[in-house]
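Undergrad: One structure follows; several queries about it will come next.
None of the figures in this text is laboratory data; all of them are computed from the coordinates on show. Only a predicted model underlies this, so the values are computations on that prediction, with no experimental measurement involved. Don't worry about glycine lacking a Cβ; one is built from the backbone with ideal geometry, like all the others, and counts go over all protein chains shown.
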Amino acid sequence: MRRNVLGIYIGDGHMEAAVLKWRLGGWTPVTVKQIKIQGSLYEATRELVGRREHLKGARVVVGLPHSYLFMGEIAHPNLTPEESKAALELNLASYVHLEPKDIYFDISAYTRNGVTYSLLIYSEKRVVDPILTALNRAGFIKPPVVAPAAVGLDMFVRKHWREALPCVSAAVQESNLLISLHGSGHWHGCHQVPVDKAASDPETLEALMKRLPPPYDGMKGSLVALDHETKRALPNQRFKVMPGIAKAMRELGGGESIPWSICTALAGASCHPPIWLGTRLRERPLLQKIDKSHIAAGAAALALGAATVFQGMQNYYLSNKLDAVERKTSAIREKAAPLKKIAEEVKTLEKQHEELASFSGAYPSPLSVMMILARRLPTSAWIRNFDYRQERVRITVEGGQAVKVIEQLKGIPAFGGIRLASPVTKFQGKERYTLEITLKSRKG
């Protein structure tokens, strides 16, 4: 629910208060009160707000006239708006004529015609603090927004004639003619000239318009008057007529003159006015922190999330399908296990058969080897053990001399090589030893 907005404007010898209430279609002024400043600003503020319990929850905005403000625009051609603002804050003492501790200030940085500018606005604390103290003691605990009253006027112009921006408007504020510069994206400040001087000497206003920065210096013929008081003060000046200006001024609560208290309240209709001279930390609301890059990132994240969900659903479907296939495969595998075991046994037997067939054809048979050994070994040598494995034969011999036995077996054509496979030992006076014989392949 939107809170009511209380706008307090400090005029020349008087103070005004206006309350804006949100109704269907926009903000509507419901009460306007004006008093004369007979004592201090503290006493006038306490008298103005009184004991209005229904306003304690309202957002409070204190609007300052141009005469209470110091304003200057500084160009930083080689910096971004963020860098320009940071540089100005760092060297604030170089740009103000008062001690930084004695002022409330704000900086609005923007780019105009390809050049970066920072608009520095500040006011003395001795002017603002009595009002803040009075509001606090009246029950308004949250510090109010302190802003130039012209900021609300800029928001009013921006709402109704955004397509006409940039433009220059003229409005009477106290005894001065306020020339406000409304840029395409930012308020670029304002200038003032005494009304009587502008009326008596037309060249005064003309000289001021020529001194304005581009593109405003060429808008003398496009000056917009927002109230009848301005037109009466400058009868010889031609003003640009904005469409629907009479209706817009009626909605604002004005006509003959600009209701500056309502303009002040309009500055608080936004939770983040463009200029904010105040004591509390200024933070942009979340919605205003979102830019195109954030929207693009959010859209990309949303698309990625949707794609992830879709992929997850596909994966879930495929996973269920795969589980079903695996269950069927497992059942088939269980039924085929005995057949697989038999097939493996058959393969093993076939391999053994192939090895036996290959071996039996390639090397002498065990019987033929035994017969060869029986004929060539001396009668004193006995074979105690005979081991026949493929191309190698191991025999354990007892009796005879190992060296002589080896010499006798070396000449056999079927034997490729003979070596002593164990040390020679003595058993009951006889030598015992093991020989390893390598058979020659018939195919080789």
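Undergrad: If you put +1 on each Lys and Arg Cβ and -1 on each Asp and Glu Cβ, how big is the dipole of the chain around its Cα centre, in Debye rounded to 20?
TA: Working: 60 positive and 42 negative charges, 622 e Å.
That gives a dipole near 2980 debye.
Undergrad: Let me ask something else. Taking only the C-alpha atoms, wrap a convex hull around the stretch 291-361 and report its volume per residue in Å³ as a whole number. Intermediate results must be reported in sequence, preceding the final value.
TA: Numbers: hull volume 8.1 nm³, N = 71.
Convex hull of Cα atoms, per residue: 114 Å³.
Undergrad: To the nearest 0.05, what FRET efficiency results for Val325 and Lys347 with a Förster distance of 22 Å applied to their C-beta separation?
TA: On the way: r = 28 Å, r/R0 = 1.28.
The value I calculate is 0.20.
Undergrad: With label points built 7 Å along Cα→Cβ from the Cα atoms of Ile35 and Arg23, find their separation and express it in nm.
TA: 2.7 nm
Undergrad: Specify the inter-centroid distance of the stretch 64-129 and the stretch 209-239, based on alpha-carbon positions, in whole Å.
TA: 26 Å
Undergrad: I've got another one for you. Using Cα pairs under 8 angstrom and six or more residues apart, how large is the relative contact order of the chain, in percent?
TA: Values: 681 pairs, mean separation 56.7, N = 444.
Value for the chain: 13 percent.
Undergrad: Moving to a separate point now. Quick one: Cα convex hull volume of the stretch 366-439, Å³ per residue? List each step's numbers first, then the result.
TA: Details: hull volume 5.7 nm³, N = 74.
Value for the stretch 366-439: 76 Å³ per residue.
Undergrad: OK, next. Could you work out how much longer the chain between Val241 and Tyr68 gets when fully extended? Use 0.36 nm per residue separation minus the Cα distance between them, nm to one decimal.
TA: Working: separation 173, 0.36 × 173 = 62.28 nm, distance 3.00 nm.
Contour length minus Cα-Cα distance gives 59.3 nm.
Undergrad: Sort the following peptides by mean Cβ neighbour count (other Cβ atoms within 10 Å, averaged over residues), highest first: 328-335, 181-188. Let's see the in-between values first.
TA: Values: 328-335: 9.9, 181-188: 19.9.
Per-residue mean Cβ counts within 10 Å order the peptides as 181-188, 328-335.
Undergrad: By how many nm would the segment from Thr80 to Asp217 lengthen if fully extended, with 0.36 nm per residue of separation less the alpha-carbon distance?
TA: This chain segment gains 46.9 nm when fully extended.
Undergrad: Oh, and also: Set the bar at 30 Å for Cα to Cα. Now go through Lys125/Lys231; Lys159/Lys292; Lys33/Lys240; Lys33/Lys247 and name every pair that lies beyond it. Walk me through the intermediate numbers first.
TA: On the way: Lys125/Lys231 35 Å; Lys159/Lys292 22 Å; Lys33/Lys240 32 Å; Lys33/Lys247 23 Å.
Distance filter (> 30 Å) returns Lys125/Lys231; Lys33/Lys240.
Undergrad: Here's a follow-up. Of the peptides 76-85, 89-98, how do they stack up when ordered by the mean number of other Cβ atoms within 10 Å, highest first? Spell out each step's value before the answer.
TA: On the way: 76-85: 14.8, 89-98: 11.9.
Most protected by this proxy first, the peptides run 76-85, 89-98.
Undergrad: Restricting to DSSP loop positions (anything but H, G, I, E, B) with no more than 10 other Cβ atoms inside 10 Å of their own Cβ, which GluC sites (Glu not before Pro) remain in the stretch 374-444? Intermediate values should be presented prior to the final figure.
TA: On the way: sites: Glu391, Glu398, Glu407, Glu431, Glu436; in loops: Glu391.
Qualifying residues, ordered by number: none.
Undergrad: Students often check this: by mean Cβ neighbours within 10 Å, which of 419-425, 116-122, 258-264 ranks highest, and how do the rest follow?
TA: Details: 419-425: 12.0, 116-122: 22.1, 258-264: 28.1.
By packing density, highest mean first, the sequence is 258-264, 116-122, 419-425.
Undergrad: Size of the chain along its principal axes in angstrom, Cα-based, largest extent first?
TA: The Cα atoms of the chain stretch 155, 54, 48 Å along the principal axes, largest first.
Undergrad: If you stretched the chain out fully between Trp382 and Leu90, how much longer would it get, using 0.36 nm times the residue separation minus the C-alpha to C-alpha distance? Please list the in-between numbers first.
TA: On the way: separation 292, 0.36 × 292 = 105.12 nm, distance 11.22 nm.
Gain in length upon complete extension: 93.9 nm.
Undergrad: Determine, at each q value in 0.14, 0.16, 0.18, 0.27 (inverse angstroms), the log₁₀ of I(q)/I(0) that the Debye formula gives when each Cα of the stretch 154-230 is one equal point scatterer.
TA: -0.41, -0.54, -0.68, -1.43
Undergrad: Tabulate in residue order the Karplus-calculated ³J(HN,Hα) for the stretch 311-317, using 6.51 cos²θ - 1.76 cosθ + 1.60 with θ = phi - 60°, rounded to whole Hz; enter x for Gly and Pro.
TA: 5, x, 5, 4, 4, 5, 5
Undergrad: Just want to confirm a number: the relative contact order over the stretch 366-439, from Cα pairs under 8 angstrom separated by 6+ residues, in percent.
TA: 30 percent
Undergrad: Give the residues of the stretch 389-418 whose amide nitrogen is closer than 14 Å to a point set 7 Å from the Cα of Gln428 in the direction of its Cβ.
TA: 398-400
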